Amino acid sequence: KNVRYRIFLYNGTYALPLSTTETINSDDGNTYPAPYTKISASNISFDGESREGVIITNFPDGAGTYAGQYGQTSVYDGIGKSDVLQIQGNVEGLYFQDVTVKSGLGDALGRNIAVQDKGKKNIYKNVKLWGYQDTWTSNNDNGLYYFEGGLVRGRTDFLCGKGDIFFNETEIQVCMNTGGYIAVPSKSIKYGFVFNNCTINCESSSLN
C-alpha cells in the first residue's frame, strides 16, 4: 500500500539554497554549486495556500555570467544546471497544486528550468511555472504527465521533452513580442503533447 505525504505551503517566497554537496560543470569551464533541489520520493502532494502567494525559486544570491556565443550567458545555462526542482527518474505520483515555481536565473541568460521532471504519472493543477527557455522539461521516455489549469511562461522551447503530456485548459504565456517556439516534444509513448482548450497569451500586445 502506497502512503501519500502532504506538504502544505503557506504564502511566501521559498528561496532554495545552493547545494553544499553537488556541483555543475559550466560551459565557461568552471564548476559551481548545484542550484537545483532534487525530489527523490514518490506520492508527495505539494499544496500551496495560493498560486500567486507561494513562490518556490532558486539563486537567492544571484548567479554570474560570461561572454557566450550569443552574448552574456549565465554560468548555469543548461538543462540539469539551472533547474529549480529536479524530479528524479524513480519518482511517480507527485501532485502540485496552487504553487509557483520560478527560475531565479532571469530572462535572456540561457536555458533556465523551473521543473525538470524525470518521473512519471505526475500532476500539476493550477500551477504557475515561470522561466525563459525549457521552463518545463520532461526527461523520461515513458513519462505520463497531466496539467490542469495553471500557467506556463517562457520565451522559446519552454515546453519540451519526452513522454505523453496532456495540457487541459492551461494558459501558455509567451514573454517576448516576437514570439518563439512553444513546444518541442521529442520521444512520445503514443500521443506526445496534447493541448485541450488551452490559451496562448503574450506579455506584449504586439504579438502577431
**Q.** segment 186-195 - phi-based ³J(HN,Hα) in whole Hz, Karplus 6.51/-1.76/1.60, Gly and Pro as x
**A.** 10, 8, 9, 7, 8, 10, x, 8, 10, 10
Q | GNM result for the chain, Cα springs below 10 Å: residue of T21, T31, T156 fluctuating most strongly | A | T21
(Q) Starting from 0.36 nm per residue, how many nanometres of slack lie between T21 and D47 once their C-alpha separation is accounted for? (A) 6.6 nm
Q. At what distance in angstrom do the alpha carbon centres of segment 182-197 and segment 38-103 lie from each other?
A. 21
Q: Scan around G78 for amide H atoms under 5 Å from its own, H built in the peptide plane at 1.01 Å from N, and keep only partners 5 or more places away or cross-chain.
A: R111
Q. From the backbone phi of segment 30-36, what are the Karplus-calculated ³J(HN,Hα) couplings (6.51 cos²θ - 1.76 cosθ + 1.60, θ = phi - 60°) in whole Hz, Gly and Pro given as x?
A. 10, 10, 9, x, 5, x, 8
**Q.** Selected from G110, G48, G29 as most flexible by GNM, with the chain as the system and alpha-carbon contacts under 10 Å
**A.** G29
Q. Given that just one value was derived from the coordinates, which of [x] 18.4; [y] 22.2; [z] 17.1 is Kirkwood radius over Cα pairs in Å?
A. [z]
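Hey, which of these cross-link pairs are over 20 Å Cα-Cα: K102/K125; K118/K190; K102/K187; K81/K190; K81/K121?
Checking Cα-Cα distances, K102/K187; K81/K190; K81/K121 exceed 20 Å.
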Q: Please find the FRET efficiency linking Q69 to N168, where r is the Cβ-Cβ separation and R0 is fixed at 41 Å, and quote it to the nearest 0.05.
A: 0.60
Q: Of the options A34, Y10, I79, report the single residue whose Cα projects farthest towards the positive end of the charge dipole of segment 1-80 (beta-carbon charges: Lys, Arg +1; Asp, Glu -1).
A: Y10
Q | Rg to Rh quotient for segment 93-208, alpha carbon positions, Kirkwood Rh | A | 0.94
Q.
Given R₀ = 30 Å, what would the calculated FRET efficiency be for N30 paired with Y5, taking r from the Cβ atoms and rounding to 0.05?
A. 0.20
**Q.** For I182, distant residues with modelled amide H under 5 Å away
**A.** D157
Q) Can you give the charge dipole size of the chain about its Cα centre, rounded to the nearest 20 debye, using +1 on the beta carbon of Lys and Arg and -1 on the beta carbon of Asp and Glu? A) 600
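All of the numbers you see were taken from the coordinates with simple rules; none came from a lab. On a predicted model such as this, the values are computed, not experimentally measured, just so you know. When we count neighbours, we look across all protein chains shown, and the Cβ atoms used for this are built from the backbone with ideal geometry, even at glycine.
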